[in-house]
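S.K.: Structure in C-alpha cells, see below.
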Amino acid sequence: MNIEELLIEKDNLINIEFNTRSNATKKNYNIIISNFIRWCKNNNHTYITDDNNRKIINLYLNYLMTKTNNVTNDKLSNYTINQYIKKVLYFLRYCQIKTNKPKLFKGAYKYNDRKYITIQDLEKLLENTKDQREEIILKILFYTGLRVNELVNIKVTDYQLSPEDEEKNKILTIKGKGSKTRHVLIPYKLNKQIKTYLQNEHNNHPYLINSYRNNNNKPLTTNQVRYLLRDICKKTDIKYNTNYTDYVTPHVLRHAHAIYLLENNISLNSLQNLLGHSNLSTTSIYTTINDNKAISELSNLNLF
C-alpha cells in the first residue's frame, strides 16, 4: 500500500470506522497515524506490505526512542511510545496489512511502578496556587476523579446551585468518555468555594473553568490544564516519577482520587460507576451497580 492509499485509509478509519468514537479518540489516532505516514514519506518508505512492515515498524520504533517532546524537550516515555506503536499497528491491520505481534517491540512496553500523591501532597500543591481558579481545578480533579476533558467542558449552566443547595453535596451530571453519562459528587465545602470563585474571579465565562482570555468563550484546553499543574509542581518538591512526566498530571489526580476512596473502604463496583469505567477490569474486577448506591456511599465519606 502506497502513501496516497494510506492517507485515504486514515481518513476512512477516522471518519467512518470511528464515527461513534469520541472527538478526543479520533484526534489522537489522526495525529499519531499522520505522524507515522509523514515519517514513512520522509524516509522513503513509500510502500508498506505484509513482508516489509516489520522492518519499517522497528525502524519507526527506533526513531520514537530518540524523539523528544516538543514542549519539555524530554525523550518520549515508554508509555507514549507504546501508544504510538499500538495505534500504528491497529491502523495497518485496518488496511489489511498483516503485522507482527506487539510483543516483538519490547522496548515500548516497559512500565514503571505507579505512585500516588497523598492528601499531604495535595495540600502542598494548593499552597502554591496563585488564584482561586487554580485551587478549584486541583480540588475538582482530586475530589471528583474527573478526566481532564470532562473538567474543561463543564459549563456554568451545568452547575446551577440554589441557596438551599449550598450546604449540600452537589450531584453533577457529566458526559464522559464515549459520550456516556454518569453522576459525580461535588462535596458541599467545595461547592461553596466554587460559588465564591464564580462570583469573584470568573468573568462571566460560559465554562466553569474560564480561559482568562478576553472575548474568548472557548473552554480551557486539556494541555493548558496539564501545563498549569506542571507549573504548580515546579514550586514544590513533589516529583511524580511516571511514564508520563516528572510532574503531577490531571490523570495522576484521578488515580489519587480512586486510591483515596478505596482506602476509605468504598466498594469497587461503586468506584467503577464513579470513575465512568465501562467494566471493572480497569479497576480489577467486572461488575455493575446502580448510580444511586455509588453516590450514597460517596456521600458518607468525609472528603474534606
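The values are calculated or read from the model by the stated rules, or taken from the named source; none is laboratory data. In this text, all values refer to a predicted model and were calculated from it rather than measured experimentally. Cβ atoms come from the backbone with ideal geometry, glycine included; neighbour counts cover every protein chain shown. We work out accessible area using only protein heavy atoms, side chains counted, and drop any ligands, DNA or RNA first. Shrake-Rupley method; radii C 1.70, N 1.55, O 1.52, S 1.80 Å.
S.K.: Where only protein heavy atoms count, and the probe is 1.4 Å, what is the accessible area per residue for the stretch 117-157 in Å²?
M.R.: 37 Å²
S.K.: What nm distance separates the two modelled labels at residue 74 and residue 156, each placed 7 Å from Cα along Cα→Cβ?
M.R.: 3.6 nm
S.K.: Could you check the spin-label model distance between residue 26 and residue 262? Points 7 Å from the Cα along Cα→Cβ, value in nm.
M.R.: Computed distance between label sites residue 26 and residue 262 equals 3.5 nm.
S.K.: Related question: Based on the Cβ-Cβ distance from residue 183 to residue 62, what FRET efficiency comes out when R0 is 41 Å, to the nearest 0.05? Could you put the intermediate results ahead of the total?
M.R.: On the way: r = 46 Å, r/R0 = 1.13.
It comes out at approximately 0.35.
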